[in-house]
1. Do we have B:Ala21 as exposed (fewer than 15 other Cβ atoms within 10 Å of the Cβ), assigned to a helix (DSSP H, G or I) and within 12 Å of another protein chain (Cβ to nearest Cβ) here?
2. Hey, can you tell me all the residues within segment A:186-201 that are part of a loop (DSSP other than H, G, I, E, B) and either of a type in the set (Asp, Glu) or at pLDDT 90 or above (or both)?
3. Which ones in segment B:241-286 are surrounded by 14 or more Cβ atoms within 10 Å (Cβ to Cβ), within 24 Å of B:Asp571 (Cβ to Cβ) and of a type in the set (D, E, K, R)?
4. Go over the candidates B:Pro526, B:Pro530, B:Pro586 one by one and state the one that is surrounded by fewer than 17 Cβ atoms within 10 Å (Cβ to Cβ), touching a residue at least 12 places away in the same chain (Cβ under 8 Å) and not in a loop (DSSP other than H, G, I, E, B).
5. Looking at A:Val183, A:Val221, which one is more than 7 Å from chain B (Cβ to nearest Cβ) and part of a helix (DSSP H, G or I)?
6. Could you check segment A:224-234 and list, in sequence order, the residues that are within 8 Å of chain B (Cβ to nearest Cβ) and touching a helix residue (DSSP H, G or I) at 6+ places or on another chain (Cβ under 6 Å)?
7. If A:Asp142 passes every condition in (1) touching a Leu at 6+ places or on another chain (Cβ under 8 Å); (2) of a type in the set (Asp, Glu); (3) closer than 22 Å to A:Asp201 by Cβ but one, which one does it miss?
8. Looking at segment A:102-156 only, could you name the residues that are of a type in the set (D, E, K, R) and part of a helix (DSSP H, G or I)?
Amino acid sequence: MSQDAGDRSAARGALDPEVARRVSTLLLAARRAAEGLASGLHKSPHRGASVVFVEHREYRPGDDLRLLDWRAYARTDRHMIKRFEQETQLRGTLVLDRSGSMAYPTIPGAHTKARHAATLLAALGYVLVRQGDLAGAATFADVLAPPLPARGRPAQVEAIATALAEPPAEGATTDLAGALGSVAERAGRRGFVAVASDLLDLREGALAPLAQLVARGHDVVVFHVLHPDELSLPFDEPTRFEGLEGEATLETDPAALRGAYTLEIRQFLEECRARCTAAGARYVLARTDVPPERTLAELLTARGRRGWA
Amino acid sequence: MGLEAPWALLGALLAAAPVVAHLARRHDLPRVALPTIALLRRAQVASRRRTRLVDVLLLVARVAMILALALGLAGPYREVKLAWGDGTRASVAIILDDSLSMARDPGGGATPFARALARAREVVRALPAGSEACLIAGGAAPRVIAPRSGDPAALGPRLDALAAAAPTRGTALSAAVALALRELAGSPLEARRILVLSDGAAHARAEQLEAPPGMSLEIERFGPAPDARAPVNRSVAETVVVPEATAAGRATVLVTLRASGGAPTAPVAVRLEQRGRVVARGEARFQGDTASVSLEGPLAGPQDDPTARVVIEGRDALAGDDARGVLLRPPGALRVLLAGDDDATRAAAQALALVPEREGAIAVRRVDADTLPTVALSAFDTVLLAGMPAPGAELAAALRRFVERGGGLVLAAGDPLDARALDAALGPVLPARASEASGTALPPGLRPGDSLPDTAPAAPLRDATGLADVRVTRRLLLETPRRDAVAALRFADGAPALVVGTAGSGRVALLAVPLDESWSDLPLHPGFLPLVARLARGVGPVTRAPAQVVSPGDPITLPLPPGATRLVVTDPSGERETFREGRAAPLRSTTLPGAYRVEVADEGGVLRDAPRLAFVVASPADESDLRPGPGATGGMPRDTRKAASARTRRPLAPWLFLLVGLLALAEGALRFRGARPPAQAAA
């Protein structure tokens, strides 16, 4: 079996029924209310006709007169507009990094970063569809591939898994800024965007489009997918290191560099977290040696504690 | 310098191994794909300077480690000239002469004693590993300063302690060699050697020292060569104190000086010091090698400090014998109080007055029975009651107290003595119960009683002679002596005639016949005089210090006087030593020459001088004779010179292996430091 075929079947298998069952017990709650066409379980920032009263505000010309609160007018002699919560349907976009670096480890049959990221996103898609929301998918390396439109039908889960199961393109470089900018343009407004990537695009402004997504009202979650080898550099003998995105080779003694490398990777993680947080996105470190359902459970539980569920 | 196995140096070629291994591995590096190679490259740039230094140090450490290992395996050694011995393991006894003559002034430089100490340290350092050593002081009396030990370095502190005390003793090298032989007797090593470090003075008789077969004896001299001229030295050889017959409270000190190495022609100034004050000064003119001078000083009273010293002024080769302690006190005497019937006490007093001076003086005071209760008994050693009635309650209590505190009491029968009253008054201290006197017709003669050991209280009486014809017409019946008492004399029918026992710290003698002629003709027999004298001495306490001069280091025992609760001894340097318990004070710290002052505290705790207990410590006169003794050479014996020129190989491999270990530790530390983050490393 070729590696590509293996990854594809693995992506299909990424939606492990056991994983899906565990994850399905958790409700995804968006940080912000999402707007949608159909009523759902998520709160919408749009105030309108509903049964749940939110607040009064001063009447402004052009407001719907049906929303005037005549009783308040009788009491206060002021024109007040009643505002209500409106339940909406969430629109989720699952974005997967398919650059060459996501193919690590390169050992045939190994649990690659790409496969781990696909599993995470597919599980999210399953949750979204299961609770009646819409879910779509997109992959990128140096450019954004044509995305899978968001839909809410049950067959969408398999379509998402199929789209995410594509193996990383060998040697493909990462252009985070370009890809996320394209996602920001196509994802519409007030949705949920989950990005799974190793973020190994060290150029300045690579994560800047996250701010655009947040500005458009999206609830953005960034899964920083890394293999334990990348975190600890567990090599002792002098080694010739090769990059997966066309970088020049490097011959060095990793034992001697381990200390400095640990500082570098720690600084890199902190920078990624800081930039995501500054942009208003949520940052989640997703180690490939941590089961994806645990990563998702921690994320969704934290959101529930903040009262968004 | 040399190598035991030079071929092992080929192993040094392995020093190139780290470089070769590094170059070889560069061609065959494993390939590893790493997504974060950009971060790794950044880390390399950040730590390039540090890692390069660490790499160089690592390379140096590894190469040095291999070189040191190869050199160590080659067995390098260093040839050294031994300070002593032939480099073989041996059991060595070092005899260090710490006699007074070792403190002589060599006319510049260190004294022979200091040089001998330094030499002993050299010898100890020269002993190869596995050797044994012991240290013996050769001054009289010889003593083991450090017992035989497999760790010769342990002798160092003992030598330091020995160096702290100035040599003052006599010389006893022969006894020291005998002591060394005993120390070496149990050694498991075959080679056994004795090294004597002495000034080789004539009085040391080092040439007579011998070692048994199979054992070497080497003598190193630190004095002048045998053919050298003896240094000029004067010493105070003897002092005699004679109370002035015409001036009360004054004494004349007859000082005898001796010279060696040539007598000075000019008069020698001598002074008498008491408590740091010069009380008399005189000049002595040598005739031959001796000179004498008389100095007059104050005579100490019964409770005064009698210590003083005679000092020769000027410098000579040996300062330690230029002063000598002297005691300005009257000759010691046994103090006897005679009380009772006039005839009986007169006979006893006449007997005591006839005691030869060489047996020790006896001071006698006679009082009658009425005066006795007013006399302070503590001023006497022995109280002899002859022909007086039994004491009253008050006097009896005083007598019992006197005996229990160590005094001697002699009770002689007589007409006035009521046996029952005596038993009632002094029963607890009497050695035997007395019955009424009765007339008898016994065969003549008093014979020695029970067999007495030397330590028995009545031992002086066992040789009583001249009593075989004593006729007894009346006697006091003495019952069987108590368990701790003995019958020193018996009548012809076997009945006890004289019973002696102990009570508390004192002794009591009960004589069944009077000391006058009323009941027997005892005073008319030649044995009467020694009997009375021995009675007075035998029951009296020994309250005088040894009459003869004590040699430095000789332990002495000072008897505690009756009633004394504390005894304080002050040595010539002012150091005080206190004794609180027991009947005697065992004094061991007599190494300092001079006069030792002794004070005694009574029950009230008041300290008073006890001039009768003061004593003098003086180095033997032989030590002042600094003439060199005969010897094989002027320096060292031949065998010692030969041993000193011996060379031995000191292996250097242990040091190199230690270096290898340290380099291995350094290499590990460098690897560990290289693996730590720079921030931690900086911390």
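The values are calculated or read from the model by the stated rules, or taken from the named source; none is laboratory data. As the structure is a computational prediction, the values presented were derived from the model and not from experiment. FYI the Cβ positions are ideal-geometry reconstructions off the backbone, even for glycines, and counts take in every protein chain you see.
1. Numbers: exposed (fewer than 15 other Cβ atoms within 10 Å of the Cβ): yes; assigned to a helix (DSSP H, G or I): yes; within 12 Å of another protein chain (Cβ to nearest Cβ): yes.
In short, yes.
2. The answer is A:Asp198, A:Leu199, A:Leu200, A:Asp201.
3. Correct list: B:Arg271, B:Glu273.
4. B:Pro586
5. Working: A:Val221 fails: part of a helix (DSSP H, G or I).
Exactly one residue qualifies, and that residue is A:Val183.
6. A:His227, A:Leu233
7. (1)
8. A:Lys113, A:Arg115, A:Arg130
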